[in-house]
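The structure under discussion appears below in the form of structure tokens.
The values are calculated or read from the model by the stated rules, or taken from the named source; none is laboratory data. All of these numbers come straight from a predicted model, not from anything done at the bench. Every residue, glycine among them, receives a Cβ derived from its backbone with ideal geometry; neighbour counts consider all protein chains shown.
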Amino acid sequence: MRTNVLSLLGGFLLVASTASAQEWTPIVELQLSGYSEVPALASPGSGRFLARGSLDGTRIQWMLLYENLAGTVTQSHIHFGADGTNGGISLFLCSNLGNGPEGTQACPATSTMESPVTGIATAADVIGPSAQGIAAGELKKLIDAILAGKAYVNVHSSTYPSGEIRAQLPPGIPGRP
């Protein structure tokens, strides 16, 4: 991902959203790699994930970019799990497996500024993981997990079905208490 960060942020701000900038927290940007997988992988893939939340806690706007995966991308999610651990799926970002909730978008072969994967997630998009204490629809609990640094973004591929590139969301999203 040699795309200029300012270009990424500028593109992200253009993502379809009618909300004013005052309604959103500042942006968090993550770099995904195989070295962050559990266990670590020497994948040639890389990626970026950008996200911001609505100040009222009812939406998360996000953009996912990835390229050079060893396998064909199969799906991507936000998982509930601490750094160095694997956790359950909380939110589908995209899937080519037909296993996401209704309305889950397909993952492009490569996701760049010309073909980003984008979305605005609401409570209706949160699927759990109930076994870890987040029930379907509990966006506030997912946001709390993100703010605590206990969530990560994962891109899965045909070569690495458990995940090829990953990044942990840092605790305390900028602009949020």
What tally of residues in the range 105-114 results from selecting those that are crowded, with 19+ Cβ neighbours inside 10 Å, among the polar types (S, T, N, Q) and part of a loop (DSSP other than H, G, I, E, B)?
0
Just to verify a result, which residue in the range 117-176, among those that are β-branched (Val, Ile, Thr) and more than 13 Å from the chain's Cα centre (by Cα), is modelled with the lowest pLDDT?
ILE173
Matching residues in the range 128-148 (within 13 Å of GLY87 (Cα to Cα) and assigned to a loop (DSSP other than H, G, I, E, B)) number 4
